[in-house]
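Since the structure comes first, as structure tokens, the remarks are kept for the end.
The values are calculated or read from the model by the stated rules, or taken from the named source; none is laboratory data. Quantities reported herein were computed from a predicted structural model and do not represent experimental measurements. Cβ placement follows ideal geometry from the backbone for every residue including glycine, while neighbour counts extend to all protein chains displayed.
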Amino acid sequence: MGIADHNRAVVLGASMAGLLAARVLADSYTDVVLVDRDDLTDREDADGHAAWRRGVPQGRHVHALLARGRHILDELFPGITEELIAAGARSGDVTGNVRWVMDGHRMPKPHSDMLLLSMSRPHVERHVRDRVRALPNVRFLARHDVTGLLTTEDGSAVTGVTVVDEGTARPLPADLVVDATGRRSRSPGWLKELGYGEVREDRQAISVGYATRYYRLRPELMADEVSIDVVASASLPRGAICAKIEGDRVVVTAYGYLGDYPPTDPEGFLAFLKSLSATDIHDTVHDQEPLGDPVAYRFPANLRRRYELMPALPDGLLVLGDAVCSFNPVYGQGMTVAALGATVLRDHAARPGAPRPGAFFTDLAARAVDDVWGMTTGADLAFPGVEGERTEELLREQEYLDRLLAAAAHDHSLLTAYARVVFLVDPPAALAAPEIQAAVSAASGDRTGDVTPEGLAT
Ligand SMILES: Cc1cc2nc3c(=O)[nH]c(=O)nc-3n(C[C@H](O)[C@H](O)[C@H](O)COP(=O)(O)OP(=O)(O)OC[C@H]3O[C@@H](n4cnc5c(N)ncnc54)[C@H](O)[C@@H]3O)c2cc1C
């Protein structure tokens with residue numbers, strides 16, 4: 001479908017989901033307007049690094065871009081991987097150049113052929129934003145607050161939004177509105193006011209706390225490694241990630257589950273790092289030059305809004321990114337799920353006629369959200385204090401994954417197969433393939449056939 005087939009699309013929120021939505025809509029709409037309440041100039045901190053902004057406070061904390069997300073970025077913005085590296089992002093192999101420590105055990109470092117890019121969140125967002133800005137039919141409306149929807153009189157279609165600029169409200173008409181305003185999206189409230197009822201919300205309380213501190217990178221630090229990841233486990237539900245990023249810096253994010261929040265005073269922060277199942281990150285940074293004090297973030301619950309279950313929805317309104325689903329950040333999935341969602345939006349926008357919300361949300365759930373939600377909530381149920389139903393099937397899967405990881409310490413093909421799933425390149429069902437089950441059994445006993453592909457996918 002050519003550009004002339006649709007007129008104006010308005011995207012609410014110019015963070016990762018909004019930027020990627022604008023990129024794909026630019027292929028099908030004559031005019032794409034990105035609205036954000038933040039100032040979107042390329043602000044820099046005192047040292048000249050891309051700075052975090054108020055609307056994306058999580059941007060101060062470690063942000064991993066999973067391999068699948070990077071593939072999609074490269075498809076939407078050819079050459080962006082090289083551009084990010086040229087501008088300072090660190091790169092390496094996802095398993096070959098990362099020190100993975102699980103339950104105190106250092107995993108081997110085989111090559112996975114998956115490239116890891118390590119950079120700050122403001123770095124990737126800024127480069128994506130610059131690429132979107134260069135599109136001739138995309139405009140940015142920064143420092144504009146979206147306060148409500150415009151609809152037809154009977155409420156059956158959304159026809160735009162109201163934006164407020166320095167206290168003055170004005171209508172912004174649109175053929176399509178895409179809400180990418182993040183976890184605090186107001187679409188559920190707006191839909192309720194219009195008479196569509198409640199959007200079902202699925203929540204899983206995890207009370208994860210983050211604390212993050214930056215350090216100056218000295219050349220000898222971590223040698224050929226891009227990052228160290230000491231993973232939390234059921235026996236010790238706290239962990240940390242230490243990653244080299246642009247600007248010759250190292251970012252260290254410590255995290256704890258269920259209210260075990262890492263302290264933000266410098267001594268307490270280091271003591272927390274020392275208390276993990278391995279002291280590698282503490283030992284790496286304890287005598288390094290910090291750049292500022294630790295800062296905190298709290299993430300109360302995994303949250304999924306089930307638009308695909310709504311009996312009716314108005315035409316002209318779609319929702320994307322964290323506004324639909326926001327996941328425990330320790331798994332690093334949010335930007336990749338936003339990118340997967342953008343590919344679903346691209347397909348629906350390219351069809352003749354206006355996108356149909358029901359079909360869009362059904363597809364979004366199936367292609368972008370279901371598997372990742374299943375992986376995240378399933379993994380979080382491994383922590384005994386997290387509430388939720390632990391079905392027989394889930395317990396079997398957890399036990400299988402435990403055996404697979406134990407076997408992966410010796411069988412490198414299992415480690416890379418696991419990494420391909422965790423980095424969202426392969427679906428979870430890939431770990432139930434007969435050859436993987438056979439390798440797990442060979443390493444750990446005779447339990448082949450325990451796990452079905454369907455089980456691992458949900
Ligand atoms: C602590 C933490 C760590 C994370 N780590 C990772 C990671 O390692 N890897 C990863 O992939 N993901 C990570 N995520 C998730 C990731 O940040 C998000 O998934 C990603 O930013 C996509 O979100 P989004 O674009 O949907 O919304 P957001 O990033 O929340 O952006 C929403 C945008 O909407 C704007 N906005 C909001 N309301 C209005 C309004 N009324 N009017 C105008 N503008 C408005 C805001 O200014 C903002 O720009 C992490 C999240 C957290 C909380």
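Look at (1) within 14 Å of the ligand (Cβ to nearest atom); (2) farther than 21 Å from L20 by Cα; (3) surrounded by fewer than 16 Cβ atoms within 10 Å (Cβ to Cβ) and you find that R54 fails only one, number (2). Within the stretch 51-67, residues that are within 12 Å of P329 (Cα to Cα) and not assigned by TED's automatic domain parsing to the domain that holds V421 have Cβ atoms under 8 Å from residues that are of a type in the set (S, T, Y) and more than 6 Å from the ligand (Cβ to nearest atom) in these pairs: G59/S120; H61/T212; H61/T253; V62/T212; V62/T253; H63/S120; A64/S118, counting only partners at least 6 apart in sequence or on another chain. Note on the stretch 122-153: among residues that are assigned to a loop (DSSP other than H, G, I, E, B) and of a type in the set (D, E, K, R), the one that is surrounded by the most Cβ atoms within 10 Å (Cβ to Cβ) is R143.
With a requirement of 3 or more residues that are among the β-branched types (V, I, T) and free of Cβ contacts under 8 Å to residues at least 40 places away in the same chain, none of the strands (runs of 3 or more DSSP E) lying completely within the stretch 154-195 satisfies it.
For (1) at pLDDT below 95; (2) farther than 16 Å from D370 by Cβ, each residue gets a yes or a no:
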| residue | (1), (2) |
| --- | --- |
| R420 | no, yes |
| V425 | no, yes |
| S444 | yes, yes |
| A457 | yes, no |
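Scanning the stretch 181-194 for residues that are near the ligand (Cβ under 7 Å from one of its atoms), within 14 Å of T147 (Cα to Cα) and buried (at least 18 other Cβ atoms within 10 Å of the Cβ) yields a count of 1.
Residue count for the stretch 1-39 under the criterion of being in a loop (DSSP other than H, G, I, E, B) and at pLDDT below 90: the result is 2. Within the stretch 223-235, restricting attention to residues that are out of contact with any helix residue (DSSP H, G or I) (no Cβ under 8 Å at 6 or more places or on another chain), outside any strand (DSSP E or B) and under 28 Å from G385 (Cβ atoms), the residue that is farthest from the ligand (Cβ to nearest atom) is S235.
Can we say L150 is of a type in the set (A, V, I, L, M, F, W, C), within 11 Å of the ligand (Cβ to nearest atom) and within 30 Å of N7 (Cα to Cα)?
Working: of a type in the set (A, V, I, L, M, F, W, C): yes; within 11 Å of the ligand (Cβ to nearest atom): no; within 30 Å of N7 (Cα to Cα): yes.
So L150 does not fit the description; no.
When E387, E397, E392 are checked against the criterion of being away from the ligand (no atom under 16 Å from the Cβ) and without any contact (Cβ under 8 Å) to a residue 12 or more places away in the chain, a single residue qualifies: E392.
For every residue, the table says whether it meets (1) buried (at least 21 other Cβ atoms within 10 Å of the Cβ); (2) away from the ligand (no atom under 16 Å from the Cβ).
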{"position": "M16", "(1), (2)": "yes, no"}
{"position": "Y29", "(1), (2)": "yes, yes"}
{"position": "D38", "(1), (2)": "no, no"}
{"position": "N97", "(1), (2)": "yes, yes"}
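Looking across the stretch 99-121 at every residue that is outside any loop (DSSP other than H, G, I, E, B) and within 16 Å of the ligand (Cβ to nearest atom), the one that is farthest from the chain's Cα centre (by Cα) is identified as W100.
The conditions of being within 11 Å of the ligand (Cβ to nearest atom), of a type outside the set (D, E, K, R), surrounded by fewer than 23 Cβ atoms within 10 Å (Cβ to Cβ) and more than 13 Å from the chain's Cα centre (by Cα) are not met by P329. Residue-level check: of (1) polar (S, T, N, Q); (2) modelled with pLDDT of 95 or more; (3) touching a Leu at 6+ places or on another chain (Cβ under 7 Å), T95 misses just (2).
Note on the stretch 202-222: residues that are farther than 17 Å from V251 by Cβ, away from the ligand (no atom under 16 Å from the Cβ) and assigned to a strand (DSSP E or B) total 1.
When every residue of the stretch 337-359 is checked against the conditions, at least one turns out to be of a type in the set (K, R) and either in contact with a strand residue (DSSP E or B) (Cβ under 8 Å, 6 or more places away or on another chain) or without any contact (Cβ under 8 Å) to a residue 60 or more places away in the chain (or both). With respect to (1) surrounded by 20 or more Cβ atoms within 10 Å (Cβ to Cβ); (2) in a loop (DSSP other than H, G, I, E, B), the lone exception for V251 is condition (2). Of all residues in the stretch 158-173, exactly one satisfies the criterion of being small (G, A, S) and either in contact with a Lys or Arg (Cβ under 8 Å, 6 or more places away or on another chain) or crowded, with 16+ Cβ neighbours inside 10 Å (or both), namely G160. The listed residues are G88, G92, G79, and the only one of them that is more than 16 Å from the ligand (Cβ to nearest atom) and out of contact with any strand residue (DSSP E or B) (no Cβ under 9 Å at 6 or more places or on another chain) turns out to be G79.
Of the helices (runs of 4 or more DSSP H) contained entirely in the stretch 302-408, those carrying at least 3 residues that are at negative phi and at pLDDT 95 or above fall at 334-349, 357-364, 370-380. When D42 is tested against (1) assigned to a loop (DSSP other than H, G, I, E, B); (2) within 16 Å of the ligand (Cβ to nearest atom); (3) surrounded by 23 or more Cβ atoms within 10 Å (Cβ to Cβ), just one condition goes unmet, and that condition is (3).
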